[in-house]
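Structure, as structure tokens:
The values are calculated or read from the model by the stated rules, or taken from the named source; none is laboratory data. All values reported here derive from a predicted model rather than from experimental measurement. Cβ atoms come from the backbone with ideal geometry, glycine included; neighbour counts cover every protein chain shown. To get the accessible areas, we keep the full protein, side chains included, count just its heavy atoms, and leave off ligands, DNA and RNA. Shrake-Rupley method; radii C 1.70, N 1.55, O 1.52, S 1.80 Å.
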Amino acid sequence: MLSSRIFSGILFVLAIIGIYIGWGIHSDFNYEPLGPRPFPIATLALIAFCSILLLFFAEDTKVEWGNLALWKKLIILAIALLLYALCFEFLGFIICTACLMFIMALLFNANVLKALIFSIVSSFILYYFFDNLLQITLPFGFIFDYFN
């Protein structure tokens with residue numbers, strides 16, 4: 001019970017900080033009527049509301065904090081997500097997404113060959129989906145500028 005209350009308190013503080021930061025989002029060019037601010041504000045307000053509910057209405061549950069193998073996987077996943085965010089512009093969507101999905105598949109104990117095939121095929125499918133169907137421009141990667 002104490003663990004869930006500590007988690008909900010930390011989550012509430014992070015949501016309030018996020019709302020404060022998100023309130024300062026401004027765009028010089030609005031391509032939609034509301035602009036870029038409402039979605040992060042509404043999402044973080046919902047997170048803050050749910051953390052308050054969790055804080056006051058959490059049931060008595062016994063929390064088990066996982067073993068060392070689980071914590072290793074979580075740390076590897078956090079590092080992979082950080083590297084994904086840092087390398088996204090330089091390497092582009094396809095390469096970064098394929099690498100991230102490959103690491104995630106290995107963390108879920110997938111076969112190396114199947115994980116490689118799945119990550120490459122799905123990153124191309126996702127790129128096609130975002131670029132052609134949703135008309136969302138994703139970075140192709142600055143690394144390819146060096147080859148031209």
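Taking a ≥ b ≥ c as the square roots of the eigenvalues of the alpha-carbon gyration tensor, the stretch 38-111 is classed oblate because a/c is 1.5 or more while a/b is no larger than b/c. Running a GNM on the chain with Cα contacts under 10 Å, which residue among Leu107, Leu11, Leu116 ends up with the highest mean-square fluctuation? Checking each option, the largest mean-square fluctuation is seen for Leu11. What value, in deg cm²/dmol to 500, does the helix sum -39500 (n - 2.57) over DSSP H runs of n ≥ 4 give at 222 nm once divided by the residues of the chain? Helices in the chain give a 222 nm mean residue ellipticity of -22500 deg cm²/dmol. The heavy atoms of Arg5 offer some 90 square angstrom of accessible surface to a 1.4 angstrom probe. Expressed as a whole percent, the proportion of Cα-Cα pairs in the chain lying more than 18 Å apart is 74%. Only the Cβ atoms of Lys and Arg (+1) and of Asp and Glu (-1) were treated as charged; on that basis the dipole of the chain about its Cα centre amounts to roughly 440 debye. Length available on full extension from Leu55 to Leu77: 0.36 nm per residue minus the Cα-Cα distance, which gives 5.2 nm.
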